Amino acid sequence: MAKSFLLYGAYGYTGQLIAELAKEKGLNPILAGRSAEKTQRLAENLGMGYRVFGLDRPEDIDDGLEGVAFVLHAAGPFNHTARPMMEACLRQGIHYLDITGEIAVFELAAALGPRAREAGIMMMPGVGFDVVPTDCTALHLKEKLPDATHLQLAFSSGGSRTSRGTASTMAENLGEGGAVRENGKIKRVPLGHKAMEVPFAEGKSRFCMTIPWGDVSTAYFSTGIPNIEAYTSVHPKTYRYIKLQPYYNWLLRTSFIRNRVKKRIQKGPAGPSEEQRKKGKSYIWGKAWNEKGDTVTSRLITPEGYELTARTSLNIAQKVLDGNAPVGFQTPAKAYGSGLILEIPGAIRENP
């Protein structure tokens, strides 16, 4: 297997974090993206090779992937960019990784799973904060309670600033509501249709609401648990506004509003500062129960979300470089076990 990989979207906020950490770890990815100026500047700063291509023409992507072992795709919104890159990986017979948290992208990858298996490649979206720590928590709970029928997962980012890329993806989904899994099927529900206090680690109890987090898709493939809800911490005042959203979702879905929001996002900071990343923590909580009412819980502390994404994505990238890449559609925990997250320095699991 070739010993290099391609990092697409390398000059974005998260892509750059991954590229810089890769250099620290002695890895030498080929950096890539649409902008020749931004890609070249980053590549020269890090002493890495680079390629420039967009995702509009299949032949351009095929040329851009020549000779690499796999792609680590970091250019969102993945709802627009994942399919052309996945299809190119299928054509070229190379593995696909990305850092998405979008349910639709996970479901697409699952649908392409049989083709990936035939091509002898692994297709693993979600190798970052979305969804490695929550996916590992889900499988850990399943191992503790094999006949679990219900799963709740929650996370709190500790007030870390959202990157422009993440915020832009959120803007793409304004007015689209939420999602849960019921009896094995994904069901559309209003955003924040449920809320509760979650007892995270270190005594941090926080108000959380349901969101369409990637685990609504991935946790089902990892555990087989048919009923899944995902939550995130939110200020109660914000939650009261969100509960009114169904009355104006039609407006939020208009191009005018979404484009206005995106323009405002581009004027803000690129993402958390280095100090915020180094000092920040993320908290994960999970609960599973069966039909008899038996319950298990688990809590996890990890590095800040963007810092974690860089570390988990490169941890998995190293496994793929070492030849550890189960073919077909995979989730992180399904492929590498519930202990995968504990391979990251600073990740601590608590089982109250």
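The values are calculated or read from the model by the stated rules, or taken from the named source; none is laboratory data. Predicted model, so just to flag it, every value in this text is computed and none were measured. Because the Cβ atoms are built from the backbone with ideal geometry, glycine has one as well, and the counts that use them run over all protein chains shown.
Observations
Matching residues to (1) touching a Pro at 6+ places or on another chain (Cβ under 9 Å); (2) closer than 14 Å to PRO133 by Cβ; (3) buried (at least 22 other Cβ atoms within 10 Å of the Cβ); (4) of a type in the set (A, V, I, L, M):
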site	(1), (2), (3), (4)
ALA288	no, no, yes, yes
THR297	yes, no, no, no
ILE301	no, yes, no, yes
ARG311	yes, yes, yes, no
GLN318	no, no, no, no
LEU321	no, no, no, yes
LYS334	yes, no, no, no
GLY337	no, yes, no, no
ILE344	yes, yes, no, yes
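- Of all residues in segment 240-260, at least one satisfies being among the small types (Gly, Ala, Ser) and modelled with pLDDT under 95.
- Filter result (touching a residue at least 60 places away in the same chain (Cβ under 8 Å) and out of contact with any strand residue (DSSP E or B) (no Cβ under 9 Å at 6 or more places or on another chain)) within segment 144-156: ASP147
- ALA270, sole failed condition from (1) hydrophobic (A, V, I, L, M, F, W, C); (2) part of a loop (DSSP other than H, G, I, E, B); (3) modelled with pLDDT of 90 or more: (3)
- Odd one out for LEU42, checked against (1) in a helix (DSSP H, G or I); (2) surrounded by fewer than 18 Cβ atoms within 10 Å (Cβ to Cβ); (3) more than 23 Å from the chain's Cα centre (by Cα): (2)
- Test: ASN227 is polar (S, T, N, Q), at pLDDT 70 or above, surrounded by 13 or more Cβ atoms within 10 Å (Cβ to Cβ) and over 30 Å from GLY280 (Cβ atoms): yes
- Candidate set: segment 45-65, residues that are among the small types (Gly, Ala, Ser) and more than 11 Å from LEU6 (Cβ to Cβ); chosen: the one surrounded by the fewest Cβ atoms within 10 Å (Cβ to Cβ): GLY47
- When GLY184, GLY203, GLY178 are checked against the criterion of being buried (at least 21 other Cβ atoms within 10 Å of the Cβ), modelled with pLDDT of 80 or more, within 30 Å of ARG349 (Cα to Cα) and not hydrophobic (A, V, I, L, M, F, W, C), a single residue qualifies: GLY178.
- Taken over segment 66-81, the residue count meeting the criterion of being under 20 Å from GLN318 (Cβ atoms) and either crowded, with 18+ Cβ neighbours inside 10 Å or touching a Lys or Arg at 6+ places or on another chain (Cβ under 8 Å) (or both) is 7.
- Residue in segment 331-350 that is among the acidic types (Asp, Glu), more than 15 Å from VAL127 (Cβ to Cβ) and touching a residue at least 12 places away in the same chain (Cβ under 8 Å) present: yes
- Test: residue in segment 22-35 that is within 19 Å of ALA82 (Cβ to Cβ), in a loop (DSSP other than H, G, I, E, B) and in contact with a Gly (Cβ under 7 Å, 6 or more places away or on another chain): yes
- Candidates are the residues of segment 214-239 that are among the charged types (D, E, K, R) and assigned to a helix (DSSP H, G or I); the one that is farthest from GLU291 (Cα to Cα) is LYS237.
- Some residue of segment 6-15 being among the aromatic types (Phe, Trp, Tyr), in contact (Cβ under 8 Å) with a residue 12 or more places away in the chain and surrounded by 21 or more Cβ atoms within 10 Å (Cβ to Cβ): yes
- When GLU304 is tested against (1) at pLDDT 95 or above; (2) in contact with a Ser or Thr (Cβ under 9 Å, 6 or more places away or on another chain), just one condition goes unmet, and that condition is (1).
- ILE265 vs. criteria more than 15 Å from LEU139 (Cβ to Cβ) and modelled with pLDDT under 95: yes
Here is a yes/no grid of residues against (1) under 21 Å from ALA32 (Cβ atoms); (2) surrounded by fewer than 22 Cβ atoms within 10 Å (Cβ to Cβ):
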| site | (1), (2) |
| --- | --- |
| ARG83 | yes, yes |
| MET123 | yes, no |
| VAL131 | no, no |
| ALA148 | no, no |
